[in-house]
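The values are calculated or read from the model by the stated rules, or taken from the named source; none is laboratory data. Please read these numbers as outputs of a predicted model, since none were measured by experiment. Heads up, the Cβs are rebuilt from the backbone with ideal geometry, glycines too, and the neighbour counts pull from every protein chain shown.
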Amino acid sequence: MLPQPISNHVSVWGEGPIWHNDRLLYVDIETHKIIAFTPATGEEKIWNVGQRVGTVVPRAKGGLVWAGDDGFFFLDETTGVSTAIANPDPEPGLPDNRFNDGKCDPAGRFWAGSICLKKRPEGALYCLHTDLTVEKKFGPVTNSNGIIWSKDTRTMFYIDTPSKKIRAFDFDNATSAISNERVVWDTSADASVPDGMTIDSEDRLWVAFCHGAKVVCYNPATSKVETQIDFPCVETTACAFGGPDLQDLYITTGLKPGVEEPLAGRLFVCRPGATGVPAAAFGG
C-alpha cells in the first residue's frame, strides 16, 4: 500500500484531484495551473489560467469548470481560453478571499468554498447551479475544503480546515438544500489539519491531512479510523479514487517552505483495498 510518485509535474501546492474519462484532473494553486494526467500514457496536459485556481471539475457538455481568485470559469481545453461565468465572483468585496476546494454533487451542481488568506472567518461555501446562478450555502468559514456526498445522496460531508472538524449535513439532491449540521469527526487532538477528502463505495471518508504526511480512512458509521497511509512528504493535500476499477487512490501534495523533501509536490498513487465512486460532472 506504499504510495508511489507518478507525475513529472511538481506542484507548489497540488489540490483538488478528480477522476474523469480515464484521466486525473487536479490543480497547482500557486502556479495557476490545471493539470490533466493520463496514467495509461503518462501524458500531462497543463493549462495556465492566469490566477490562483482552487478547484476544477469536468463539464458534461465538454471542457472544464474551475474556480479561483476571481470566481467561476469555463475552460475550453482545445484553445486554453477561460470564460467567466455570469456574475462569477460572489465575494467582490473581500479581496483577501479566493476559491478553494470543491466538487459536483450527484445532480451536477458545482459546490466550491472560499478561503480567507488572512485566516479570518470570512469565507463561505457556495453552489453554482446548472442554470449558472450562484447561491451561498454555508458560512462563515475560514478555509473551505473537502466536500463529498454519500452513496444514497442523502448526506453531504464537509471540512472547514481550521475547525479540525468533519461535518455532515442532511442533503436534498432534488433541491440542493442542506440541514441538520453535525460533527461526525473531531480531529482536534491531531497536530495536523484535515484538508481534501473523498469517499469510497462503503461511505468511508478518506481525508488528506495538511502538515500531517498522511491520508486517513474514517468510517462515520462506526466512528473509527480504519486505515492510515503515510507519505514521504508532510504536505498531503487531497485525494481521489480513480483508475479503470476506481481502486487507485491518487493523492496531491505540496511543498513545505524551508524543508527539503525530494518527493514533495508530486502526484502519488496507491491501492489501499477500497473502491471509489464515479465523480459527477457539472451539468450546466
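Counting the residues of the stretch 18-58 that are closer than 30 Å to Cys116 by Cα, among the polar types (S, T, N, Q) and assigned to a loop (DSSP other than H, G, I, E, B) gives 1. Counting residues in the stretch 180-192 that are part of a strand (DSSP E or B) and under 28 Å from Gly258 (Cα atoms) gives zero. If you go through the stretch 59-78 and pick out every residue that is assigned to a strand (DSSP E or B) and under 27 Å from Asp96 (Cα atoms), you end up with 10. One residue is enough: does the stretch 141-148 have a residue meeting the conditions part of a loop (DSSP other than H, G, I, E, B), of a type in the set (S, T, N, Q) and more than 24 Å from Gly284 (Cβ to Cβ)? Yes, the stretch 141-148 contains a residue that is part of a loop (DSSP other than H, G, I, E, B), of a type in the set (S, T, N, Q) and more than 24 Å from Gly284 (Cβ to Cβ).
Does Ile35 meet the test of being buried (at least 17 other Cβ atoms within 10 Å of the Cβ), of a type outside the set (D, E, K, R), at pLDDT 95 or above and more than 25 Å from Lys137 (Cα to Cα)? Give the steps one after another, and end with the answer.
Details: buried (at least 17 other Cβ atoms within 10 Å of the Cβ): yes; of a type outside the set (D, E, K, R): yes; at pLDDT 95 or above: yes; more than 25 Å from Lys137 (Cα to Cα): yes.
When the stated conditions are applied, Ile35 passes them.
Anything in the stretch 1-26 that is in contact with a strand residue (DSSP E or B) (Cβ under 8 Å, 6 or more places away or on another chain), of a type in the set (A, V, I, L, M, F, W, C) and in contact (Cβ under 8 Å) with a residue 60 or more places away in the chain? List them, or say none. So that I can check it myself, show each step before the final result.
Of the stretch 1-26, the ones in contact with a strand residue (DSSP E or B) (Cβ under 8 Å, 6 or more places away or on another chain) are 1-9, 11-26.
With of a type in the set (A, V, I, L, M, F, W, C) added as a condition, the list becomes 1-2, 6, 12-13, 18-19, 24-25.
Within the stretch 1-26, Met1, Leu2, Ile6, Val12, Trp13, Ile18, Trp19, Leu24 qualify.
Residues in the stretch 163-184 that are of a type outside the set (A, V, I, L, M, F, W, C) and under 18 Å from Trp206 (Cα atoms): Ser163, Lys164, Lys165, Arg167.
What about Glu15, is it acidic (Asp, Glu) and either within 14 Å of Leu128 (Cβ to Cβ) or outside any strand (DSSP E or B) (or both)?
Details: acidic (Asp, Glu): yes; either within 14 Å of Leu128 (Cβ to Cβ) or outside any strand (DSSP E or B) (or both): no.
Spelling it out, it is not the case that Glu15 is acidic (Asp, Glu) and either within 14 Å of Leu128 (Cβ to Cβ) or outside any strand (DSSP E or B) (or both).
Within the stretch 1-19, if we keep just the residues that are buried (at least 21 other Cβ atoms within 10 Å of the Cβ) and at pLDDT 95 or above, the residue that is farthest from Asp101 (Cα to Cα) turns out to be Pro3.
Taken over the stretch 112-142, the criterion of being closer than 19 Å to Gly14 by Cα and in contact (Cβ under 8 Å) with a residue 24 or more places away in the chain is satisfied by Ala112, Gly113, Ser114, Ile115, Cys116.
As a summary of the residue check, Pro90 satisfies the conditions (1) touching a Phe, Trp or Tyr at 6+ places or on another chain (Cβ under 7 Å); (2) surrounded by 23 or more Cβ atoms within 10 Å (Cβ to Cβ); (3) touching a residue at least 40 places away in the same chain (Cβ under 8 Å) except for the one numbered (2).
Report whether or not Asn173 is in contact with a Pro (Cβ under 8 Å, 6 or more places away or on another chain) and either surrounded by fewer than 16 Cβ atoms within 10 Å (Cβ to Cβ) or of a type in the set (Phe, Trp, Tyr) (or both). Give the derivation first.
On the way: in contact with a Pro (Cβ under 8 Å, 6 or more places away or on another chain): yes; either surrounded by fewer than 16 Cβ atoms within 10 Å (Cβ to Cβ) or of a type in the set (Phe, Trp, Tyr) (or both): yes.
Criteria met by Asn173.
Considering the stretch 248-268 alone, what residues qualify as being at negative phi and surrounded by fewer than 18 Cβ atoms within 10 Å (Cβ to Cβ)? The answer is Lys256, Pro257, Val259, Glu260, Glu261, Pro262, Leu263.
Residue-by-condition table, conditions (1) of a type in the set (Ser, Thr, Tyr); (2) touching a residue at least 12 places away in the same chain (Cβ under 8 Å); (3) assigned to a strand (DSSP E or B); (4) closer than 14 Å to Ser7 by Cβ:
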| position | (1), (2), (3), (4) |
| --- | --- |
| Gly196 | no, yes, yes, no |
| Trp206 | no, yes, yes, no |
| Val216 | no, yes, yes, no |
| Val225 | no, no, yes, no |
| Ile229 | no, yes, yes, no |
| Leu263 | no, yes, no, yes |
| Arg266 | no, yes, no, yes |
| Val269 | no, yes, yes, yes |
